[in-house]
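One structure is given below, encoded as structure tokens.
The values are calculated or read from the model by the stated rules, or taken from the named source; none is laboratory data. Everything numeric in this text was worked out from a predicted model, so none of it was measured. Please note: Cβ atoms are built from the backbone with ideal geometry, for glycine as well, and neighbour counts cover all protein chains shown. Protein only, heavy atoms only, side chains kept; ligands, DNA and RNA dropped before computing areas. Shrake-Rupley method; radii C 1.70, N 1.55, O 1.52, S 1.80 Å.
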Amino acid sequence: TGWEARHELWQNYKLLTARIPTHRKCIRKWQGERVFSTTEQKLRAVADEVKRAHATGRPVLIGTRSVESSEALSTLLTERNLPHRVLNAVRHEEEAAIVSLAGQKGAVTVATNMAGRGTDIKLGPGVAKLGGLHVVSVERNDSRRIDRQLIGRAGRQGDPGSAIGFAALDDVLVKRYGPKLSSKLAAAATPTRRRLLNRAQQRAQRMGKTQRQQVMKTDDQLAEQLGFAGREH
């Protein structure tokens, strides 16, 4: 996913980016994104999606943006009698071990962005025949690159897998970077809602890039000012 940031990596850090083909062909299936008017509607739809996938025996990894979202979703999963583990990126070593088992048959794992990051998820016995790991994205992040990192947890090393996205018009991304919501937007068709999300995410990415450039500029200025030692007498 670093390829998407190649221009910024060169402009800011003078780092060249090389794109290396995957070791094995990716056969992961992207099932699209569903956009709801409210977070409440979205989370209930997510819980129903998890229940559907869990009934087939497939392991499910749910990625949330915040601890609050993961806890709200956990409540809905409990109401549906779905056994699951919630990881909030607090106990890193313990959570990495749990994430490594997220590919076992019937496993349901809810994780915030940083929980178990960098841990490879290997499929348990018989899981490949069931369709592999199913990844559910609960909310878009400020950067599309981070979203793709979550989706990329499924279908590793040529394994089967699938991913689906969920979003709402009152998500943090839209509140911070999107236009002011109106009843007209709330009633808009899915393609229009997706365009709204895309614009909000693109704005977030532009602002993030500008902020990083400003930090680099400030660092350079401080290094120049503090690096002056004056004349020796």
Residues P191, P179: which one is surrounded by fewer than 19 Cβ atoms within 10 Å (Cβ to Cβ) and not in a helix (DSSP H, G or I)? P179
Taking the range 59-77 as the region of interest, how many residues are open to solvent by 30 Å² or more (accessible area, probe 1.4 Å) and either under 18 Å from A168 (Cα atoms) or touching a strand residue (DSSP E or B) at 6+ places or on another chain (Cβ under 6 Å) (or both)? 6
Selection count, the range 152-176, where residues are open to solvent by 60 Å² or more (accessible area, probe 1.4 Å) and over 30 Å from G57 (Cα atoms): 2
Flagged pairs (Cβ under 7 angstrom, 6 or more apart or on separate chains; first in the range 1-29, within 20 Å of Q202 (Cα to Cα); second part of a helix (DSSP H, G or I) and of a type in the set (S, T, N, Q)) are T1/Q149; N12/Q213
Could you please let me know if P21 is touching a strand residue (DSSP E or B) at 6+ places or on another chain (Cβ under 7 Å), of a type outside the set (S, T, Y) and surrounded by fewer than 18 Cβ atoms within 10 Å (Cβ to Cβ)? no
Just name the residue that is farthest from I151 (Cα to Cα) out of those in the range 50-73 that are under 14 Å from the mean Cα position of the chain (by Cα) and hydrophobic (A, V, I, L, M, F, W, C). V67
Would you check which residues across the range 118-140 are open to solvent by 10 Å² or more (accessible area, probe 1.4 Å) and within 11 Å of the chain's Cα centre (by Cα) and list them? S137, E139, R140
Right, L16: surrounded by fewer than 12 Cβ atoms within 10 Å (Cβ to Cβ) and not in a helix (DSSP H, G or I) or not? yes
